[in-house]
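The values are calculated or read from the model by the stated rules, or taken from the named source; none is laboratory data. Here the structure is a predicted model, which is why all the values come from computation and not from measurement. These accessible areas exclude ligands, DNA and RNA; they are computed on the full protein's heavy atoms, side chains included. Shrake-Rupley method; radii C 1.70, N 1.55, O 1.52, S 1.80 Å.
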Amino acid sequence: MNIPSDPLQWRVGLVGYGEVGRILAEDLRAKGVAVSAFDLKLAGEQAAPLREHAAAHGVALAGSHAALAREAGLIVSAVTASQAVPVAQACAPAVRPGAFFLDFNSASPGAKQRAAALIDAAGGRYVEGAVMTSIPPYRIRVPLLLGGASAAVLEPLVRLLGFDAKVASERLGVASATKMCRSVMIKGLEAMVIESFTAARAYGVEDAVIASLYETFPGIDWEKQGAYFFQRVVEHGRRRSEEVREVAQTVREIGLEPWSAGGTAERQAWVADLADAGLFGARDSKEFARSPDWRTEADRILARVKPKA
């Protein structure tokens, strides 16, 4: 079966139906594009909201990676970083000849190259995608760098679907290296703000610390940014910690010991553990990870930890 030349006639298969997958599904369906989705959570206790969302937006739910791949002209892999290569491995045997595989995952250049080898050997066309900022504010229009031998072919096609994509390089790994090196800073800043602001709150010096940050970095609203960082890490710390472990691997691959990235991954995972334990409230509540004041979450953390003697 040939892949239609018009991308609006494709069936787009989304592997991963979390926050990113659901946003993409909504925006693609709004353009009339046929969408299928598969997520391992569909077989577990978290299936109900995914099925409800799919039914509300006309998204067909596939029963497996292979079932999704067999029907898709474009597969978008948007899972946790550790699953980037396993997803490519699971889709490869059923990928349609000439179908595109767009890897949205925050994985190291080495992982992207391993995933590409699997898809390309099966007759698909692998393209790495590096998402360059948080998706929710931009939705499908989030800035996206493409890389790989098929990137230049895919770019105009996904633009018709609504993506804000541009080619970084036909050399695989350049786009993901750009994302990974940026994440050393961005995810590290999240972890540093949580650690700095929470400690400052404990010592009663948060106002002085924030006033000093405003003076040094006047272009940043530290109150607003602090609240946003707490929200994102509380809600997505697990995924972020996995991503930063890939960031650390990216740094390690060029011979540097990733001390900063390693610490960031630990802090993000630590917050995720607290969230899983219910410290920040119920995940299915509207208030979860939505406090406009970072102090609310910092106080919860401080109530849990104990000062060292």
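Taking the alpha carbon gyration tensor of the chain, multiplying each eigenvalue by 5 and rooting it gives semi-axes of 36, 22, 17 Å, largest first. Cross-linked pairs LYS31/LYS166; LYS112/LYS286; LYS166/LYS187; LYS166/LYS286: Cα-Cα separations exceed 29 Å for LYS112/LYS286; LYS166/LYS286.
For a distance above 18 Å, tell me the whole-number percent of Cα pairs in the stretch 66-131 that qualify. I get 21 percent for the Cα pairs in the stretch 66-131 exceeding 18 Å.
P(r) for the stretch 1-127, from all Cα pairs and a bin width of 10 Å, is 14, 48, 33, 5 %, short bins first.
Compactness of the stretch 159-213, taken as the C-alpha radius of gyration over 2.2 N^0.38 Å, stands at 1.83. Binning all Cα-Cα separations of the stretch 64-212 at 10 Å, short to long from zero, yields these whole-percent fractions: 12, 36, 28, 12, 9, 4, 0. Put simply, the Cα atoms of the stretch 112-198 extend 51, 28, 19 Å along their principal axes, the longest span coming first. Exposure check, 1.4 Å probe, all protein chains in place: CYS181 carries approximately 80 Å² of accessible surface.
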